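Below: one structure, written as structure tokens.
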Amino acid sequence: MNIALLAKWVWRFGVEKERLWCRIISEKHGAMSSHWLPGKVFNPSGISCWKIIVETSSLINTCSKFTIHSGIKVYFWFDRWNGVDSLKFSFPNLFRLAKDKFSSVISHIDNGNWVFDFNRRLLDKEVTQFASLLLRIGSSPPPLNNMPDTRRWSLGNNGVFSVKTLYYELVKLVSVSDFPPKFVWNSIIPPKVFFFVWCAVHGKLNTKDLLLRKGMTLDQECIMCGDAIETSGHLLLHCKVTYKLWLNLIPTGWCWIIPNSFLDLVQGWQQLNQSSNSLYWNLIPAAVVWVIWGERNARTFESSHTFKTDIDLIIEAKSLIISWASVFGHIIVSAGDNWDAIFS
Ligand SMILES: [Zn+2]
């Protein structure tokens, strides 16, 4: 997710050239890779945030498609205007020999023919590579007109970059096939909650067992029930307090065996839903774990906190689900009295 968010700045760099922040970046870091992409950052003083952002440029380039009109704004070697990657990447030897590495497409066209300017005559093996290059870009250059060149985001239908589409692509690329992005990436849930859910799915919550492994000295007992060691799986799933929440938020009469981990739960959660109303169904896990985590923290860190009863926690979780859904116009009347009706 972080990579996708960083990449957003690289995309914006290509479309907000006149904005002050772009002009400052250009001034500070010098030559650009192309009109659309920032150049590499060399020798930053201290830790350069921009340097880390620029490292996502290849992602943006790989998922962009260019349409040549004037040929001015598309860089011949750097931009992915022909084929699945840039010509610089496909023909590195020829790129090294190019006199102007930042040349635009139009500068390679003269009277309807391709033109190239290399530092020296091509050797035999380079001639073969050059023939491959011509084969790829075609013997005739694209026809030019006065319209500006355009760039489209190839992962979305509207051609505009979105963090969400890149995130899904990254999840595919790293082959985390069992990670439930659609579940975690729920736009109805407030960002702080789905970030918490994301941490829970990845086993990153600072539960007591994890803190002990990190060398902290503390008691291991679950503060919710006092019966077991506090692990993520126990606190979010198997603790008798949490278990009551689960039982009271799923429809009455369901026979359900709680999985071993929160990841297992969310992977199978959508398949468990047998009602037509998946909107509320998909909010249940986030509401349960968020309420439990809040109460666990209050009991742990707030000396004046009055422990909520199981009923309080159940009502709180149901109220959360109703309030999240209502923001998007889904109003439930008297849901607290007839919770099952939501799923009928
Ligand atoms: Zn417990």
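The values are calculated or read from the model by the stated rules, or taken from the named source; none is laboratory data. Predicted model only: the values in this text are computed from it and were never measured. Because the Cβ atoms are built from the backbone with ideal geometry, glycine has one as well, and the counts that use them run over all protein chains shown.
Checked against (1) within 19 Å of A317 (Cβ to Cβ); (2) surrounded by fewer than 18 Cβ atoms within 10 Å (Cβ to Cβ), G226 passes all but condition (1).
Take the residues in region 231-249 that are in contact (Cβ under 8 Å) with a residue 60 or more places away in the chain and near the ligand (Cβ under 10 Å from one of its atoms), then tell me which one is surrounded by the fewest Cβ atoms within 10 Å (Cβ to Cβ).
V241
In the condition set (1) away from the ligand (no atom under 12 Å from the Cβ); (2) under 16 Å from L313 (Cα atoms); (3) of a type in the set (S, T, Y), T252 is compliant with all but (2). All of E316, E295 fail the test of being away from the ligand (no atom under 16 Å from the Cβ) and not polar (S, T, N, Q), apart from E316. Within the bounds of region 288-310, is there any residue that is modelled with pLDDT under 80 and part of a loop (DSSP other than H, G, I, E, B)? Checked region 288-310: no residue is modelled with pLDDT under 80 and part of a loop (DSSP other than H, G, I, E, B). Identify, by number, the condition in (1) modelled with pLDDT under 80; (2) within 27 Å of F76 (Cα to Cα) that P141 doesn't meet. Condition not satisfied by P141: (1). The requirement of being surrounded by 13 or more Cβ atoms within 10 Å (Cβ to Cβ), within 11 Å of the ligand (Cβ to nearest atom) and acidic (D, E) is fulfilled nowhere in region 208-216; no residue meets it. Look at (1) within 22 Å of E302 (Cβ to Cβ); (2) out of contact with any Asp or Glu (no Cβ under 9 Å at 6 or more places or on another chain); (3) not hydroxyl-bearing (S, T, Y) and you find that V241 fails only one, number (2).
Between G14, G30, the distinction of being surrounded by 20 or more Cβ atoms within 10 Å (Cβ to Cβ) and modelled with pLDDT under 80 belongs to G14 only.
If you check D337 against the conditions, is it at pLDDT 85 or above and loosely packed, with under 14 Cβ neighbours inside 10 Å? Criteria not met by D337.
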